[in-house]
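Just below is one structure, and these are the notes that go with it.
What follows is calculated from the coordinates using simple rules that are stated; it is not laboratory data. Just so you know, these numbers come straight off a predicted model, no measurement behind them. Virtual Cβ from ideal backbone geometry, glycine too; neighbours counted across all protein chains shown.
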Amino acid sequence: MTPEALREEVTAVPAEALLPTATGRRAAQVVGRYVRQRPGVAVVAGVVSVASAAAGLLAPAVLGRLVDAVADGGSIGGYLAALVGAAVLAAVLVGLAALAISRLGESLLARLREDVVARVLHLHSATLDRVRRGDLLSRVGDDVARVSQSVTTGLPEVIGAGLAVLLTVLGLGVLDWRLALAGLLAVPGYVLALRWYLPRSGPVYARERVAVAERADALLGAVQGAETIRAYARSGPHTAEVARRSAVARDVGVGVFRLYTDLGWRMNAAEYAGLAAVLGVGFVLVRGEVASVGEVTTAALLFHRLFAPLGTLLFSFDEVQAAGAALVRLVGVVDLPDPEVVPQRPPAGYRPAVELRGIGHRYGDGPAVLADVDLRIAPGERVALVGASGAGKTTLAAVLAGAVDPAVGEVLLDGVPAAALPGRGLRDLVALVSQEVHVFAGTLADDVRLARPGASDDEVRAALELVGARWVAALPEGIATQVGEGGTALTPARAQQLALARLVLADPPVAVLDEATAEAGSSGARDLEEAAFAATARRTTLVVAHRLTQAVRADRVVVLHEGRVVEEGTHTELVAAGGRYATLWAAWQGR
Ligand code: ADP
Ligand code: MG
């Protein structure tokens, strides 16, 4: 595949599907800010690094003296001892410098990680729906790993190498300017190598990142949709797609390696030219008795000493660039506009009236899912939403909870439009309990406490009791029992109860329950129904009723059909009216 075709291949991703990427300058600013937050660590890392680079100059200097001592027939014992001392000192300092720099790097990385995770957790769900999961996952996975790897292994080396080059060139200049000048002959070769390499490497690394993200995306989609793919016998095309994207990722990877080896021979040629020039000029100087053999030896050794750190620097351009590409993607996430404002806690007992006015919605450019929905819920009233699967109940619930911005219409609380509410708007005032309950790893108490971090153990117990979670008493360590991954597994019904206990603890003025009872078997479902009833008592509540017994107990029932409200009234009224609800009720009773 030609590079052009490859670029076509990997850039054919609609831009709005990817999270933003920061500029290099912006990334540097963010890193600078992190460094300034750790001034002590930064200063220690700087001082130790310079000392370590300086210690590396001792050995060539001592060796030069030793050569002169041998030429003069003097004793070399002292020089040998100094050589050993210099080596030990340099080794210790190099170790300390690496330690100090990785320490600084790790603390910066920790901050970056925290900021990325905090930002991702606060992403608006509409944004999350729009971006590709593969892109998000490759940022919090691959990109963090890439930056992390270069912080622990690459960064100390790059900084050490940079300082070593700087001090060695200085040392060479002080020793003899003519020899230093001769060494400059290597520079054109290096410049040519870099001018060849740099314009090629940046795009290749960027492409590598994209290709890896694309592959992750294809693989993830195939794994998550495995059931469907199998059911429709579509595994062939999906496997082919995964294979195709893997091939793209592999080809880009091979391209990266080819680039790397090509840079290698170009640098070797430059080094050869430089060293040959130093030795040639040194020969002339010694012959003219302008310099001693020892001085030329030191110069040659110093010059030779440049190869390793220069190689490290040049070869780590790839590492630095790859890490840079990952870093700007991470900073892009950190810099996402933050719609998050300080959450506002409404006063206890506040029970607003809810009004959904002229709500209409469609997902992307799909068909209308909701149309002209007007719905009022009085303070403390419980309204049940009833309708066939696909009627739009979940979408309406999400609109009320502020998780979905409706295409048209608005949600008002006590007459105030959602957009004009303080703090995070609907999300501060409306709690949504959906079918997908995640049990986080940790103690049961902490899991419930997510809803209100300051809550005491007694408050947690009271919340669990209110939702009838009697099984908690039977757990080995009560609310201190470890649950979630690696802990005691909770049944779906118990997980739902946990979610309801969180709701009690959060004490939101408005509650929206969607499919909260649909998961459990019949007796479990009845328990959950009780729990949901207790948790929402006296709150302004919208319940998506999957069991019509929930509708019976509601103050009012609203029937949704193909995105429109078609009936509204109490259970008794609607049964008497003999419409759609009455039919549903008859079917429910006769089931
Ligand atoms: P209900 O909860 O009553 O079953 P939903 O609100 O879940 O109804 O779905 C209403 C319609 O919207 C369905 O046709 C469904 O396929 C579609 N829909 C729901 N969520 C999405 C989504 N995230 N993207 C695209 N279409 C969706
Ligand atoms: Mg639904």
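How long, wide and thick is the chain, going by the Cα atoms along their three principal axes, in whole angstroms, largest first?
Cα extents, longest axis first: 119, 55, 43 Å.
How do the peptides 446-459, 307-320 rank, highest first, by the average count of neighbouring beta carbon atoms within 10 Å per residue?
Per-residue mean Cβ counts within 10 Å order the peptides as 307-320, 446-459.
For an R0 of 22 angstrom, estimate the FRET efficiency from the Cβ-Cβ distance between Arg424 and Arg362 and round to the nearest 0.05.
So, using R0 = 22 Å, E works out to roughly 0.30.
Given C-alpha coordinates of the range 225-300, what is the ratio Rg to Rh with the Kirkwood estimate of Rh?
Ratio of gyration radius to Kirkwood radius: 1.64.
How many percent of Cα pairs in the range 473-516 exceed 15 Å?
53
Between Val131 and Ala81, what's the calculated FRET efficiency when r is the beta-carbon distance and R0 is 60 Å? Round to 0.05.
Result of the calculation: an efficiency of 0.40.
Which translational diffusion coefficient, to the nearest whole µm²/s, is obtained for the range 21-334 from the Stokes-Einstein equation, given a Kirkwood hydrodynamic radius over C-alpha pairs, 10 °C and 1.306 mPa s?
Translational diffusion coefficient: 70 µm²/s.
Once you place label points 7 Å from the Cα toward the Cβ at Trp265 and Trp471, how far apart are they in nm?
It works out to 6.8 nm between the two label points.
Which distance in Å, rounded to a whole number, links the C-alpha centroids of the range 54-75 and the range 218-269?
With the range 54-75 and the range 218-269 each reduced to a Cα centre, they are spaced 55 Å.
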